[in-house]
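Report on the structure given below.
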Amino acid sequence: MSGRLVIGDLRVQVLERGDGTRAYTIVWPEGSVHAEADRFLRTREPGTDRTYAYLLVDHLRWLERECLPLASVSLADLQRYMGAVGAKVDGPFGLPWREGKKPYGQATLSLAAACLKGFYLHQAALGVNEEVGRQLDRTRLPSRADRNRALLGHVKTTMPSNPLAPKQVRRRHPKMAPEGAKETLLATVRSARDRMVVTWLADGGFRIGELCGLHMVDLHLRDDAGCGQCRSPHVHVCHRPANPNRAAAKTKPEWDVEDGTVVGGLIKRASPAMIHTYFEYMTTEYPRQAGHGMLLVQLHGERCGQPWTTDAARRMLRRAGDRAELGRVKPHGFRHSFATAVLDASGGDLVVTREAGGWASASTVDEIYAHADVHDPDFARALRKAWGEGE
């Protein structure tokens, strides 16, 4: 198998379905499907199949370079591969891999570990390399966070464990947007659409995929909207894998359309500034001929009126940040800033912050954002009391 390819010949192939959704597989250079990868990716949910396809193709290319057939891969080989893409492992891992590219970050390493475990467990279930399947199929005792997160967590006795997973890093100080970024960017960007994007990212804590994936029908920007789920102006974030701009919400709460009104999904409150920028954009820039129903559109060029992509939104923010001398501005930085602001304003209420930002678990908010301000007077008073110095 290794003699007929060079590094990089395996590639991810996007498959367009009749209903507008996309599937992802891995193909050989002549175009034939990599059967083992394809069978595995067919078992993944939409969205996950894309992520896993790009992680798995990297691993399969590495196997080609190492001349390792799937039936001969050992746990030590998989740990060596994780070391090659950036994980800290004991012992040498061989020649450099992915030269010229940055190592995987912590989150990508965790995803790669989950992808590899799932792939090799799938192979073992088909009778291929059952030994490595047994080594990967481990369990551990549940932690308090596991019990709190899971349905009927109090009766759980075991949790799945992954020997390839990197050690968890507690991110107490996330990368927030630069100080004053919202106001500075609003004075810098050049269109009503871009002012709306900056405002909605800052005031709504949207992920960029959520924002670019919004449809007009998702917006209930008046009091007592017809959905009956929130009395104040709000937005329904709905997971739609078939969006023409490929933007999709990460979270997947159930949603539906009842009598022409969207119900369900992830509900986010809308600020007065969000409503103002929406109406400015709709009355001055939104093209009347757009028939796709999506909120954010391209304003210029041959794709004028077509749905705006997440990459285009990121480029807009990067250019605006450069003009304003803020450095590189990333959409997710606004989400970090939003979560920190809500947590502070709510007096540290994790549940309020979880609901405002749409996190699956309050423990996620606690681990990432709930840290003490060493300059807070309450912090100083607590220390003085612990030292026996009184108030």
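The values are calculated or read from the model by the stated rules, or taken from the named source; none is laboratory data. Only a predicted model underlies this, so the values are computations on that prediction, with no experimental measurement involved. Positions of Cβ are generated from backbone atoms using ideal geometry, with glycine treated the same way; all protein chains shown enter the neighbour counts. Remember, those area values only see protein heavy atoms, side chains included, never the ligands or the DNA or RNA. Shrake-Rupley method; radii C 1.70, N 1.55, O 1.52, S 1.80 Å.
Only Cα pairs under 8 Å and 6+ residues apart enter the sum, and on that basis the relative contact order of the chain stands at 13 percent. Positive end of the charge dipole of the chain (Lys, Arg +1 and Asp, Glu -1 on Cβ, about the Cα centre): tell me which of L116, A84, V297 has its Cα farthest that way. About the Cα centre, the residue reaching furthest to the positive side is A84. Apply 1/(1 + (r/R0)^6) to the Cβ-Cβ distance of L15 and D344, taking R0 = 41 Å, and write down the FRET efficiency to the nearest 0.05. The calculated FRET efficiency here is 0.35.
With contacts taken as Cα pairs under 8 Å at a separation of at least 6 residues, region 52-130 carries a relative contact order of 35 percent.
Counting charges near E210 (Lys, Arg +1; Asp, Glu -1) among other residues having Cβ under 9 Å from its Cβ returns a value of +3.
Here the simple spin-label model places points 7 Å from the Cα toward Cβ, and for W387 and S191 these points are separated by 5.6 nm.
Be a star and scan region 195-216 for residues whose amide nitrogen sits under 17 Å from the point 7 Å along the Cα-to-Cβ vector of E45. Counting backbone N atoms under 17 Å from the label point, the list is 209-210.
Summarising the amide proton neighbourhood of I26: residues at separation of 5 or more, or on other chains, whose placed amide H is nearer than 5 Å comprise Q13, H34, D38.
Length gained on full extension, V217 to K88, computed as 0.36 nm times the residue gap minus the Cα-Cα distance: 41.7 nm. Under the simplified labelling scheme, the C227-S32 pair shows an inter-label distance of 4.9 nm, with each label point 7 Å from Cα along Cα→Cβ. Per-residue ellipticity at 222 nm computed for the chain from its helices equals -12500 deg cm²/dmol, with DSSP H segments shorter than 4 residues left out and the rest contributing -39,500 (n - 2.57). Here the accessible area is traced with a 1.4 Å probe on the protein chains. For the chain, carbon and sulfur cover 51 percent of it. Counting only lysines at least 8 places from K175 when in the same chain, those with an alpha carbon closer than 28 Å to its own are K88, K101, K102, K167, K250, K252, K268, K330.
Fully extending the segment from Q106 to D256, taken as 0.36 nm per residue of separation minus the present Cα-Cα distance, adds 50.5 nm.
Remark: relative contact order (region 258-321) = 18 percent; criterion is Cα-Cα distance under 8 angstrom and separation of 6 or more residues. Between A242 and C304, the modelled labels are 3.0 nm apart [label points 7 Å from Cα along Cα→Cβ]. For region 174-206 and region 234-262, what is the separation of their Cα centres, given in Å? For region 174-206 versus region 234-262, the Cα centre distance is 23 Å.
Scanning residues 5 or more positions from H234 or on other chains, those with amide H under 5 Å from its amide H are H220, L221, R222, A270, with H placed 1.01 Å from N in the peptide plane. Less than 5 angstrom separates the built amide H of S161 from those of R138, T139, R140, all sequence-distant by 5 or more or on a different chain.
Among the GluC sites (Glu not before Pro) found in region 204-260, those both in a DSSP coil and sparsely packed, with 12 or fewer other Cβ atoms within 10 Å of their Cβ, are E254.
Counting charges near T48 (Lys, Arg +1; Asp, Glu -1) among other residues having Cβ under 11 Å from its Cβ returns a value of +2. Subtracting the Cα-Cα distance of D137 and R288 from their residue separation scaled by 0.36 nm leaves 48.8 nm.
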